[in-house]
Amino acid sequence: MVDKTMTADDVAGRLRSGMTLGIGGWGSRRKPMALVRAVLRSGVTDLTVVSYGGPDVGMLCAAGRVRRLVAPFATLDSVPLEPHFRAAREAGTIAMTELDEAMFMWGLHAAANRLPFMPVRAGLGSDVMRVNPELRTVRSPYDDGEEFVAAPALRLDAALVHLNRADRLGNGQYLGPDPYFDDLFCEAADEAYLSCERLVETGGLAEGAAPQTLLVGRHSVSGVVEAPGGAHFTSCAPDHARDEPFQRMYATTPWAEFAGRFLSGPDEHAYSRAVRAWHEGQR
């Protein structure tokens with residue numbers, strides 16, 4: 001069995017400009033932010049980002065790393081619209097493919113199963129078809145003759161996800177309330193990189209846990225990064241809640257000021273020190 005552990009910067013070093021990059025999590029929940037910050041420290045740019053968008057999308061857009069976004073939304077949950085995504089969209093600095101949430105999910109399913117599309121009802125009779133004129137419909141070959149949207153496969157060059165626990169082989173476990181489709185992101189990608197709150201032995205993944213929490217299998221993972229707090233400032237239940245005060249500050253601070261204070265250091269340790277210093281200053 002291969003030990004797949006590496007650093008966040010190792011992961012960023014394997015990415016290339018122009019890639020289609022999938023990012024797991026949902027809104028401001030269990031986002032692989034340590035890996036996103038490593039991407040921001042790298043020179044990787046001109047990305048097509050595929051995401052149930054949160055601050056991952058906002059930061060990459062603000063830093064000028066995104067060419068196209070494929071997403072059903074970009075939100076911070078407690079802040080309805082991700083502000084840096086909004087600024088990039090209003091300025092016209094990114095292209096966007098906006099899909100219905102279900103179409104997005106079935107696009108990941110199609111890619112994971114190496115199919116060109118999945119027939120879905122979602123999107124019919126909505127503006128999704130108008131704003132995405134490249135979408136096509138298909139008709140059932142059976143007697144019902146029903147028409148469906150052909151949700152295109154969301155094939156990824158690479159995917160980044162964050163889970164609660166993982167082993168060195170690439171098996172990953174979530175302990176919170178929702179898998180957020182991270183398994184589909186990994187299976188839809190040519191390469192997938194998993195960060196986790198804590199590395200454990202393989203046998204430790206199953207102790208006291210429901211089988212369905214063993215979400216990501218080693219067959220779909222290229223690298224594993226132990227990153228305690230690696231979802232910050234998004235939530236990673238039950239390990240930690242969302243850092244709401246920090247998120248509010250992020251949402252209301254000009255990007256250059258935020259990046260200069262929190263993202264200009266050489267590694268994740270520098271980011272963590274800057275966050276601690278900020279919190280201490282709020283007391």
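Annotations for the structure displayed:
- Choice from 66, 131, 161 with maximal GNM fluctuation in the chain (Cα, 10 Å cutoff): 131
- P(r) histogram, all alpha-carbon pairs of region 37-189 included - 10 Å bins from 0, percent: 10, 34, 37, 15, 4, 0
- Per residue Cα convex hull volume in Å³ - calculated over region 43-95: 64
- Expressed in Å, the radius of gyration and Dmax of the Cα atoms of region 1-60 are 11.8, 37.
- Note on residue 113/residue 68: beta-carbon distance plugged into 1/(1 + (r/R0)^6) with R0 of 25 Å gives a FRET efficiency of 0.60.
- Per residue accessible area in Å² of the chain, where ligands, DNA and RNA are left out and the probe is 1.4 Å: 44
- Descending Cα extents along the principal axes, region 132-283, whole Å: 68, 44, 26
- From the Kirkwood radius over Cα pairs of region 1-100, Stokes-Einstein at 4 °C and 1.567 mPa s returns a whole-number translational diffusion coefficient of 95 µm²/s.
- Summarising the strand pairing of region 59-211, around 45 percent of its internal DSSP beta bridges are antiparallel.
- The share of accessible area on the chain that comes from carbon and sulfur is 51 percent, using a 1.4 angstrom probe.
- With all protein chains modelled, accessible area of residue 121 [1.4 Å, Å²]: 150
- Measuring max minus min along each principal axis, the C-alpha atoms of the chain give extents of 66, 49, 32 Å (largest first).
- Around the amide H of residue 171, modelled in the peptide plane, lie the amide H atoms of 218, all under 5 Å away and 5 or more residues distant in sequence or on another chain.
- Convex hull volume of the C-alpha atoms in region 173-224, normalised per residue: 82 Å³.
The values are calculated or read from the model by the stated rules, or taken from the named source; none is laboratory data. Every value quoted in this text rests on a predicted model; they were computed, and no experiment measured them. Heads up, the Cβs are rebuilt from the backbone with ideal geometry, glycines too, and the neighbour counts pull from every protein chain shown. Calculation scope for accessible area: heavy atoms of the full protein, side chains included, ligands and nucleic acids excluded. Shrake-Rupley method; radii C 1.70, N 1.55, O 1.52, S 1.80 Å.
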